[in-house]
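What follows is a set of notes on a single structure, which appears directly below.
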Amino acid sequence: MNKLFSLTTVLLFISLQLTAQDQSIEYFPDGLHLKPIRADYQEPRTGIIYVPKNDQVNFNLGQSFDVISFSFDGNSRLTFGVDISAYAQFNFVENLEINVDNIDALYGFNWVYSNNYESSKLFLRLRLMHNSSHLVDEHFDEANERRFYKTEPFNLTQEFLEFTTAYETYSENTVFRFYGSPSYRIRFFPEGEFTNYFAKAGAELAFKNALGSILDEETHLFFAANFRIDGTPKYRLSFNGLFGVKSGDWLGKGILLYLSYYRGNNFYSEYYFERIADYGIGCFLELQ
């Protein structure tokens, strides 16, 4: 973490130097410069997903915050922010008892630069993230009817650098975003289980007022797809797709209700060696 903190400090210092002559500086600006990618589990989001196949709930709690914003010529902007996120697996057992199986925690920093065009916007985002994953004491081995503990306990951890290029287009009836993100693991444990390089790409499409208004809020019918290729240690492709409705501004606050389909490497890092395929029913709260 010392290297991560040092690199973050250097990048923030460079950001401040580049904007030293700019008079348009805002601390803790309203809204969010770049909305997190909705179909990626490693983006900060808050909500729940019920997976009927496994009688399981995935609970997400997270948020991205812009700390400082620099505006240049009215068309371009640079922000420095913080990402904090955690997602946990809850398993239902008899008599409505719920066991917490494992938790992934992510936190780090982001720099986002954007440039406005007539009806579109280009984003460049750099993220430095720390990810740790833990099996908790309620992880249960049903076959042997006992609590499960690894013979050699360890905390899976990784730190990675991610660079995202995203392009949004706006029309009277639609908002469309597509993106790509190469990433590099700076360090990870256990060693030899992961490759240094991985990547994601995908798109989101929202149709404005497809269902009219609900409680005086506009609605959006949306589709989102995220593809991720990662080496664990063999490279494999994973896919997550969402289809649903958002009540509220697509680029602002609101609630999303959706159906999802996931196929690929288990997104819980403790189970990185597993391949899964399941569908879910969920909702997100977008608070910025």
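The values are calculated or read from the model by the stated rules, or taken from the named source; none is laboratory data. Computed from a prediction, not measured in an experiment: that's the story for all the values here. Quick note on the areas: whole protein, heavy atoms, side chains included, nothing else; ligands and nucleic acids left out. Shrake-Rupley method; radii C 1.70, N 1.55, O 1.52, S 1.80 Å.
Name the shape class, rounded, prolate or oblate, that the alpha-carbon gyration tensor gives for segment 21-123, where a ≥ b ≥ c are the square roots of its eigenvalues, rounded holds for a/c under 1.5, and otherwise prolate holds if a/b is larger than b/c and oblate otherwise. Before the final figure, lay out the partial values.
Details: a/c = 4.34, a/b = 2.73, b/c = 1.59.
Judged from the Cα gyration tensor, segment 21-123 comes out prolate (a/c at least 1.5, a/b above b/c).
Can you give the Kirkwood hydrodynamic radius for segment 186-288, in Å, rounded to one decimal and based on Cα pairs?
Numbers: mean 1/r = 0.0646 Å⁻¹.
With all distinct Cα pairs of segment 186-288 included, I get 15.5 Å.
Ranking TYR27, TYR87 by solvent-accessible area of protein heavy atoms (1.4 Å probe, all protein chains present), from largest to smallest, gives TYR27, TYR87. The Cα atoms of segment 218-261 give a gyration tensor whose axes a ≥ b ≥ c have a/c of 1.5 or more with a/b greater than b/c, which makes the shape prolate. As an equivalent ellipsoid, segment 247-288 spans semi-axes of 28, 12, 7 angstrom, where each value is the square root of five times an eigenvalue of the C-alpha gyration tensor, largest first. Taking every protein chain into account, the 1.4 Å probe leaves TYR107 with about 100 Å² of accessible area, to the nearest ten.
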